[in-house]
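**Student:** Before I ask anything, here is the structure I am working with.
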Amino acid sequence: MSSMNAGGSGTAMSFCVITGRTISEILQSDIGACIATVHDAYLAHAEGRSVNPPSFFLRFPHNPSARIIGLPTHLGQPWQLSGIKWIASYPENIRRHIPRASAVLIINSDETGYPLACLEASIISAVRTASSAALAAAQLSANGRNAKSLGIVGTGFIARYVYQFLLGDGWTIDKVRLYDIDPAQAHDFAARVCQPGRHAAVEVATSLDDAMSSSDVLLFTTVAGKPHVHDEKLLAHNPLVLHLSLRDLAPELILRANNVVDDVEHVMTAGTSLHLTEQQVGHRRFVSGTLSDVIRGTCTCPPQRPTIFSPFGLGVLDLAIGKLVYDRAVAAGAHLQVDDFFYDLER
């Protein structure tokens, strides 16, 4: 398929916008396709069918907690597209009662380099993150898609998507335990997001220790900038940890675990828990392998240790999910064509 007419009707000289409403409807209606797309993108990256340079960070001296991140990427066959996600993270937005992150995704023709579309990407980013987490949970769980207790630390936007995708991927979860530094957020998550009919109990934990020590699957989706979990006993029961926020766990916990990542080079940057561990010990031997290694059967995680999945977040996943959306939106006529976006085309 030519990248100039990916999806059926676009050309190198046409441009469209795809809104968040359309994107949500497409992706929420087919969670299985989202997870399968992320699975295939991971393997493409592992097999050298991608170009995924390091993310670059725009930071602000006047607003040190905020940042905007650029994730440029290219995917080869069968996608044959390039693109960039431009995602802003402003933690103070939570005080404004709006999500922390906002984003756009631009996808480009592989033949001409001309942009084909601009997509609202906070939902794409959440879906690729949730799909990655669900894929990793299924691949790494010692008990199939079953959890006696799912502990969620940080009950925001990303946690909502991961919870929904775990259920959408067929997980049976007996109990959900929620913890947030703002208890009102955890109570709101319990009332608004959780599906009580799918669980024996949904509880708000009184402390982080309580949420962690009683959960065999743990999900971290916080805005922590540095490790705040130091007690090794909290992982003594060898849970599966989906460490999506990347900076919660101290190096002493990382060193006592099976560590699975999406890309070793990418995750060893930007002050992640694994980056801090590397700086402390001077090597990377504490990394067991990548999720692609697990999928291909070349990496196993002994159950006698906790298993921690720490994905830095690859742009190839955003681009693959964006291509899924683009194809379906254009095929359904759900895109907004922008006439004369490219106007002066004479050489």
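**Student:** Taking strands (runs of 3 or more DSSP E) that do not extend beyond the stretch 61-153, which have at least 2 residues that are among the hydroxyl-bearing types (Ser, Thr, Tyr) and in the same structural domain as SER24 (by TED's automatic domain parsing)?
**Tutor:** 81-89, 101-109
**Student:** Can you tell me how many residues in the stretch 200-227 are within 19 Å of the chain's Cα centre (by Cα) and assigned to a strand (DSSP E or B)?
**Tutor:** Matching residues across the stretch 200-227 total 4.
**Student:** Within the stretch 333-347, how many residues turn out to be without any contact (Cβ under 8 Å) to a residue 24 or more places away in the chain and over 10 Å from PHE15 (Cβ atoms)?
**Tutor:** Residues of the stretch 333-347 that are without any contact (Cβ under 8 Å) to a residue 24 or more places away in the chain, as a first pass: 333, 339-340, 343-344, 346-347.
Pick out the ones that are also over 10 Å from PHE15 (Cβ atoms) and you get 333, 343-344, 346-347.
Of the residues in the stretch 333-347, 5 are without any contact (Cβ under 8 Å) to a residue 24 or more places away in the chain and over 10 Å from PHE15 (Cβ atoms).
**Student:** Determine whether PHE312 is within 17 Å of the chain's Cα centre (by Cα), under 30 Å from ILE123 (Cβ atoms) and in a loop (DSSP other than H, G, I, E, B). Talk me through it step by step, then tell me what you get.
**Tutor:** Working: within 17 Å of the chain's Cα centre (by Cα): yes; under 30 Å from ILE123 (Cβ atoms): yes; in a loop (DSSP other than H, G, I, E, B): yes.
Yes.
Residue-wise test of (1) surrounded by 16 or more Cβ atoms within 10 Å (Cβ to Cβ); (2) more than 23 Å from ALA130 (Cβ to Cβ); (3) modelled with pLDDT of 95 or more.
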site	(1), (2), (3)
MET4	yes, yes, no
SER9	no, yes, no
ILE31	yes, no, yes
THR37	yes, no, yes
ALA41	yes, no, yes
ASN52	yes, no, yes
HIS62	no, yes, yes
ILE68	yes, no, yes
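**Student:** Would you point out which residue out of SER141, SER89 is surrounded by fewer than 21 Cβ atoms within 10 Å (Cβ to Cβ), at pLDDT 95 or above and hydroxyl-bearing (Ser, Thr, Tyr)? Break it down into steps so the answer makes sense when it comes.
**Tutor:** Details: SER89 fails: at pLDDT 95 or above.
Exactly one residue qualifies, and that residue is SER141.
**Student:** Which pairs have Cβ atoms under 7 Å, sit 6 or more apart or on different chains, and link a residue in the stretch 97-119 that is under 21 Å from ARG67 (Cα atoms) to one that is in a loop (DSSP other than H, G, I, E, B)?
**Tutor:** Short answer, once both residue conditions are applied: ARG100/TYR90; ARG100/GLY156; ARG100/VAL223; ALA103/ALA121; VAL104/ALA121; LEU105/ALA121.
**Student:** Only one of LEU274, LEU324 is in a helix (DSSP H, G or I), closer than 25 Å to PRO72 by Cβ and in the same structural domain as SER29 (by TED's automatic domain parsing). Can you tell me which? Outline the logic, then answer.
**Tutor:** Working: LEU274 fails: in the same structural domain as SER29 (by TED's automatic domain parsing).
None of the others qualify; the one that does is LEU324.
**Student:** Any residue at all in the stretch 118-125 that's crowded, with 20+ Cβ neighbours inside 10 Å and over 20 Å from LEU314 (Cα atoms)?
**Tutor:** no
**Student:** I've got another one for you. Mind checking which residues of the stretch 154-173 are in a helix (DSSP H, G or I), out of contact with any Cys (no Cβ under 8 Å at 6 or more places or on another chain), under 25 Å from THR290 (Cβ atoms) and of a type outside the set (Val, Ile, Thr)?
**Tutor:** Initially, the stretch 154-173 is screened for residues in a helix (DSSP H, G or I), giving 157-168.
Subset that is out of contact with any Cys (no Cβ under 8 Å at 6 or more places or on another chain): 157-162, 164, 166-168.
Pick out the ones that are also under 25 Å from THR290 (Cβ atoms) and you get 158-159, 161-162, 166, 168.
Those that are in a helix (DSSP H, G or I), out of contact with any Cys (no Cβ under 8 Å at 6 or more places or on another chain), under 25 Å from THR290 (Cβ atoms) and of a type outside the set (Val, Ile, Thr): ALA159, TYR161, LEU166, GLY168.
**Student:** While we're on this one: Test ASP262 against the criterion of being among the charged types (D, E, K, R), in the same structural domain as SER213 (by TED's automatic domain parsing), under 24 Å from ALA33 (Cβ atoms) and surrounded by 15 or more Cβ atoms within 10 Å (Cβ to Cβ), and give yes or no. Full working, then the answer.
**Tutor:** Working: among the charged types (D, E, K, R): yes; in the same structural domain as SER213 (by TED's automatic domain parsing): yes; under 24 Å from ALA33 (Cβ atoms): yes; surrounded by 15 or more Cβ atoms within 10 Å (Cβ to Cβ): yes.
The answer is yes for ASP262.
The values are calculated or read from the model by the stated rules, or taken from the named source; none is laboratory data. Note that the structure is a prediction, hence the values are computed from the model and not measured. Neighbour counts run over all protein chains shown; Cβ positions are idealised from the backbone, glycine included.
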